[in-house]
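The values are calculated or read from the model by the stated rules, or taken from the named source; none is laboratory data. Please read all numbers here as calculations on a predicted model, not as lab measurements. When we count neighbours, we look across all protein chains shown, and the Cβ atoms used for this are built from the backbone with ideal geometry, even at glycine. Heavy atoms of the whole protein, side chains included, go into the accessibility calculation; ligands, DNA and RNA do not. Shrake-Rupley method; radii C 1.70, N 1.55, O 1.52, S 1.80 Å.
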Amino acid sequence: MFSGVKRALAILFLVCLPAVAAEPFSALFGSARRAMANGLWDVAALQLKAAASSPDIPTERFPEVRILLAQSLTRDNRPEEALALLEESDVRNHPEAPFWIGQALAGKGRFAEAAEMLTAFAANPESPFREAAAFTAANLRMSLSQPDSALESLALLDSVNSRLRSIGILLDLGRAAEARALFPEAAIPEELSRFAMLLEGYLLLAEGKPAEAEPLFSSLLSEPEGQNLDRHNLAALGKADSLAAQGDRDGATESLFSFIQSRPETSQLAPMFKRIVAWLPETILSAEHPTLSRLSEWTPKPSPTGSGFVNTGTDSAASAWPKLSQTITDLEAFALHARALALRRIATPTANADAAGLLRRLRLLAPQHFLVPGSLLTLASWKMEDGQPEAAFELLDTLRRDAKSPLVKGEAAFLNAMNAHRNGDNVLAAGLFAEAAELMEGENQEAAAFNAALSSLGEDPSAPLTIQNMDPAVAEKLSVDLALERALAADTPEAAKSALDAFLKEHPAHPRASEARLAIAETALGSSPPDLSLARAQIDTLAASEIAIPEPLAPRLALARLRTLDLSGDAEATTTLANIIIADLPGTPAASEAALTLGRSLFQSGNYNEARLALEKLAVSEPGTQRSQAALLLAARSAALGATAQSREEALVLYDRTMETDGPLKALALLEKARLLIDLNRLPAAIESLSAAYAATPPDDPSRLPTGLLLAEAIYARGDSEPDSLSEALAIYDSLLEVSTGSPARYFRLQYLRGLALEKLPDPGDPSRTRIAEARAAYFSVIDRPADPPPAEWEWFERSGFRLLTLLEVDEDWKAVIAIAGKIASFGGPRSEEAAIRARQLRLKHMVWED
């Protein structure tokens, strides 16, 4: 958990030097140090080698240059060159040499030697880089499964950081009492406080105090500053474990789902999904169980449309094949695996079949994923339980790679073909699929042959479909199926519409013609802008057809019709159809989508009370989901626009409910609530919430600018009664200005707002005056630029210019006023004519002529 190994950096030597050695030593050495400061270790090594060869290098600087070169080579993953350099006598005797030798040895994978050298180096209190040496030695020893030796390396330091790291190792070893005894009693430095809080939480858990641990983990999750990704994940796991230890397994599972949803690419999925599965009840009554529903949101969509499978319904490796454009994420792989295990607990024939199908999909969509071997074992055990020993043995033989069986050889060829395709080698994939087809039989043979043709298409989309050694009737059927899959998988909406239309013209009676026509409608609706005429035409054709649309497509067709009405602006018809879908398909994803569309349509048409009722009902039916959060946010907006004071009070409560879910709309809900508080003149409450959010937002977070601007607006609004507020607002504008590089619109706006604050602030040198000169400078910085190219935005640009004009007019500085007005006019913006007229009128009125 806390004892992950940090492999020491490896090194490689540069083969040759460019012609920079003729430069003076001081220039080369300075360039090298700057490169090192910026982490450009290869550049640093290049410059240091040149510096070491420089004719004017002072003799006493030579060892310094050489040890820095060794450091750069080590950090640049070049251990062989670094060790060769460190073996030379003038470098070996340098005080830092043992440290870099240890790092280079680690880079070569010689962990035991590296750990011994670094530990000995750290044992000397006078050694440079002593702390780094001890920590590296401890990490290396943990990688060698030597935890007690790692603790000995850390004990050399007796610092707060080393104690905390030792506590992490002791917790991993289950030695909580020793960990508690080692916990620092002295004040913990700020930079280590979050790590200490995390360890305290896990100590409390180990001591059987989950209720005391939970608030610590919650604090770490809500305020991630000072944590790395690993520790933030550990906080999420700690919170879930705390809830589970208190008997709230549902809450524990939901907390992990929420965390994964907010950070799908950086979550530690293995331990999280292990807990999610472990906390399931032994027997699940139906597929509507909340955990199954959440897992389905992350499960890749099933064939045929989403994946283009040729599904044989068997347990062989060739039972399905994803279309060439499909990929599967780590999260999707874990969701497939966990959902399969959960479905098996329903213990009905249908659920058992679905569970087995999900494990097959996992094996086919992600054959190299580490979950796959375990899933094969699980599937084999299920086959044994279900009285199918032969199927179980076949799976186990596949897992053991028994190449004696033609079936195993075929499956191996099939999996290798998939891997070749994943690596972009369609020619090799096609050959391997063809090999698999020769070894397989029946439907498996058809699947392999089909995918051989599919891989050939990946190399040349216009190539004719040729499937060798197949029954002509089967080959023709597969050829038509492949044409449809190619159309469904087209890269662009236009290409998809064209290919699907061609397919329908050639095969109007195909069993999947309805699916193709519906796909055209969905593609038309998803185009930018939507092609409503085409969508209506396809939907009307499906409605008029004598052939009943397949049942699985009915919800999609209803949603396509609903979306067409919604995009057409027909609010009344949208409301009617949405209510029909909700009534006819209760509890389905289609009903949920219809409910959100209904609420949005009512909101857009100004029926705020009805919209709010529909949206709140949706939110209650799907608590904790992103759809629920979106519904609550829209409900809050509806209440905020209501006609009564009570409605606006209720909007504040709805915003709070929106923020209870850690989803993508949480930050937006906070801003909208603060906006409403400002409009209600509740400035302290707005400032309190915005201040906390602003402090917790990293500089590069997109929400930092709107949060800061709204906070400064609220603070500025109380400036008349609390003059110090103006300085606080100015400080926020200044901090935002520091990160506005490359964004002219942001820069213009911030300088304008800075100017307004400066106009009211007293001059420190003369409190009877305001900082009007600085305000003018802020406004002028916006328009002080060439007229060509024109500004990136006009609103704040021209606001700044005209505000500067107003200040100059107050001082009756007519020459400056005319000059600035002319400058504004020269840009040709929306108010350029106004500025030009103003300049002419003032020139005539005050008789100000050009010299």
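Values for this structure:
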{"read-out": "Selection from the range 255-275 of residues that are surrounded by fewer than 20 Cβ atoms within 10 Å (Cβ to Cβ) and of a type outside the set (G, A, S)", "value": "R263, P264, E265, T266, Q268, P271, K274, R275"}
{"read-out": "Residues located in the range 673-688, provided they are under 14 Å from V653 (Cβ atoms) and crowded, with 18+ Cβ neighbours inside 10 Å", "value": "K673, L676, L677"}
{"read-out": "Qualifying residue in the range 515-533 (condition: within 23 Å of K301 (Cα to Cα) and at pLDDT below 80)", "value": "no"}
{"read-out": "Residue selected from the range 794-851 under the condition part of a loop (DSSP other than H, G, I, E, B) and of a type in the set (A, V, I, L, M), by the criterion least open to solvent (accessible area, probe 1.4 Å)", "value": "V848"}
{"read-out": "Per-region count, the range 116-134, residues open to solvent by 20 Å² or more (accessible area, probe 1.4 Å) and aromatic (F, W, Y)", "value": "1"}
{"read-out": "Checking Q246 against (1) over 18 Å from the mean Cα position of the chain (by Cα); (2) buried (at least 17 other Cβ atoms within 10 Å of the Cβ), the condition it does not meet", "value": "(2)"}
{"read-out": "Of all residues in the range 40-57 being part of a loop (DSSP other than H, G, I, E, B) and open to solvent by 40 Å² or more (accessible area, probe 1.4 Å), the one that is nearest to R75 (Cα to Cα)", "value": "L40"}
{"read-out": "Check on G102, open to solvent by less than 70 Å² (accessible area, probe 1.4 Å) and either of a type in the set (V, I, T) or at pLDDT 90 or above (or both)", "value": "yes"}
{"read-out": "Residue identified as within 28 Å of E833 (Cβ to Cβ), without any contact (Cβ under 8 Å) to a residue 12 or more places away in the chain and not in a helix (DSSP H, G or I) among P702, P789, P767", "value": "P789"}
{"read-out": "Test: residue in the range 179-196 that is in a helix (DSSP H, G or I), basic (K, R), open to solvent by 40 Å² or more (accessible area, probe 1.4 Å) and under 20 Å from D230 (Cα atoms)", "value": "no"}
{"read-out": "Set G238, G201, G168: member being open to solvent by less than 10 Å² (accessible area, probe 1.4 Å), farther than 25 Å from L280 by Cα and in a helix (DSSP H, G or I)", "value": "G168"}
{"read-out": "Selected residue (only one of S605, S592, S628 is of a type in the set (S, T, N, Q) and closer than 29 Å to P702 by Cα)", "value": "S628"}
{"read-out": "Some residue of the range 649-659 being at pLDDT 90 or above, closer than 24 Å to P702 by Cβ and not in a helix (DSSP H, G or I)", "value": "yes"}
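Conditions tested, residue by residue: (1) at pLDDT 85 or above; (2) closer than 26 Å to Q841 by Cα.
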| residue | (1), (2) |
| --- | --- |
| E713 | yes, no |
| S740 | no, no |
| Y747 | yes, no |
| A816 | no, yes |
